[in-house]
Amino acid sequence: VHPTLFADCDSSMTIMQEEIFGPVLCIASFNSEEEAIDIANDTNYGLTNYVYSTDVVRRRRMARKLKSGMVEMNGVAREPGSPFGGMKA
């Protein structure tokens, strides 16, 4: 499968609601931090979320609000031996 990018996605789209295992990225725009959190949490799954920001306080604030088993920040993976798992379905 070739890497695929889907732009202008919203939570009503199947591609935003189902887990996709492959080189696929869905992009949804947002106007506020709270809207971004709402979009991220609007799924039946909750394995991993990713937060990118130069502001460490903002990253941590957003990570606390995400409903997932793991949150990676600025591309830094979880520490070896840390818990692995999701929440929700």
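The values are calculated or read from the model by the stated rules, or taken from the named source; none is laboratory data. Keep in mind it's a predicted model, so treat the numbers as computed, not measured. Cβ sites come from the backbone with ideal geometry, for glycine too, and all protein chains shown count toward neighbours. Note: areas computed on protein heavy atoms with side chains; ligands, DNA, RNA excluded. Shrake-Rupley method; radii C 1.70, N 1.55, O 1.52, S 1.80 Å.
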Problem set entry | Probe 1.4 Å, accessible area per residue of segment 16-78, Å² | 68 Å²
Exercise. Rounded to the nearest 500, what is the chain's calculated 222 nm mean residue ellipticity when only DSSP H runs of at least 4 contribute -39500 (n - 2.57) each, over all residues?
Worked result: -7000 deg cm²/dmol
Seminar exercise, completed: Given GluC sites (Glu not before Pro), DSSP loops and at most 11 other Cβ atoms within 10 Å, the longest exposed-site-free stretch of the chain is 20-89
Seminar exercise, completed: With all protein chains present and a 1.4 Å probe, the order of I27, I37 from largest accessible area down is I27, I37
Problem set entry | Accessible-area composition of the chain, carbon plus sulfur, in percent [1.4 Å probe] | 54 percent
Exercise. Between the DSSP loop rule and a limit of at most 12 other Cβ atoms within 10 Å, which trypsin sites (Lys or Arg not before Pro) in the chain are left?
Worked result: K88
Exercise. Chymotrypsin sites (Phe, Trp or Tyr not before Pro), restricted to the chain: which are DSSP loop and have at most 11 other Cβ atoms within 10 Å?
Worked result: F21, Y52, F84
Problem set entry | Space enclosed by the convex hull of the alpha-carbon atoms of the chain, per residue, Å³ | 120 Å³
Exercise. Just how much of V71 is accessible, in Å², when a 1.4 Å probe is used and the result is rounded to the nearest 10?
Worked result: 40 Å²
For this session: Give the relative contact order (percent, whole number) for segment 10-89; include only Cα pairs under 8 Å separated by 6+ residues.
Result: 29 percent
